[in-house]
Amino acid sequence: MALNSIIITNLAIPTHATLSFSTTHHFFTSPLPTKPYAFPRRLCIMGSSSSSSQKPDNVQEAGNKDYASISDEEWKKRLTSEQFYITRQKGTERAFTGEYWNTKTPGTYHCICCDTPLFESSTKFDSGTGWPSYYKPIESNVKSKLDMSIIFMPRQEVLCAVCGAHLGHVFDDGPPPTGQRYCINSASLKQKPN
Ligand SMILES: [Zn+2]
């Protein structure tokens, strides 16, 4: 009888101890250190999903009053729903899904909204991000502005300088000669042969 109760006690203790150890272990390993650090690389690449804007962005400074006056309804007629979401509502396509993330065809990439030439295929490089990436835009046909839509992660949004279409973001981790990485949504582009 005495032996029995010792065995039961012995069985109970390790089980309980294992459970509480694994809870503690989980508590220490999961939340804080990894999350904020892994976040930048993936999400920072693009990822603005602010959907508040009702009108095209501030495009007055590029001398393009015609485009600034185009309503969302009109843009919806001109664009597919994905193109509208990305270019006019600052959306982001999923990585490795766009038309141009992995293409190497020679040509020029134009704005899907206003046909302005934005990037040459000669400046395209494989960034491994799943989005078409370029180290340089064509002349000053794109502009950038500070994007604080992800908290604690200031980024430079890239827009078409003519019509204000949201294109993607630019980062300082690109290859020579510029060291910049223009990370662009395929849906904001249309490639044409030179
Ligand atoms: Zn444009």
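The values are calculated or read from the model by the stated rules, or taken from the named source; none is laboratory data. In this text, all values refer to a predicted model and were calculated from it rather than measured experimentally. Note that each Cβ is placed from the backbone with ideal geometry, even for glycine, and that neighbours are counted across all protein chains shown.
So the values come out like this:
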| item | result |
| --- | --- |
| From Gly168, Gly174, Gly130, Gly98, residue being assigned to a loop (DSSP other than H, G, I, E, B), in contact with a strand residue (DSSP E or B) (Cβ under 6 Å, 6 or more places away or on another chain) and assigned by TED's automatic domain parsing to the domain that holds Ser69 | Gly174 |
| Residues being within 17 Å of the chain's Cα centre (by Cα) and without any contact (Cβ under 8 Å) to a residue 12 or more places away in the chain - total across the stretch 127-151 | 4 |
| Residue count, the stretch 71-95 (criterion: outside any helix (DSSP H, G or I), out of contact with any strand residue (DSSP E or B) (no Cβ under 9 Å at 6 or more places or on another chain) and not aliphatic (A, V, I, L, M)) | 4 |
| Residue within the stretch 120-136 that is surrounded by 14 or more Cβ atoms within 10 Å (Cβ to Cβ) and within 12 Å of the ligand (Cβ to nearest atom) present | no |
| Selection status of Pro154, closer than 25 Å to Trp75 by Cβ and more than 8 Å from the ligand (Cβ to nearest atom) | no |
| Counted residues, the stretch 135-153 - those being in contact with a Leu (Cβ under 9 Å, 6 or more places away or on another chain), modelled with pLDDT of 95 or more and part of a loop (DSSP other than H, G, I, E, B) | 3 |
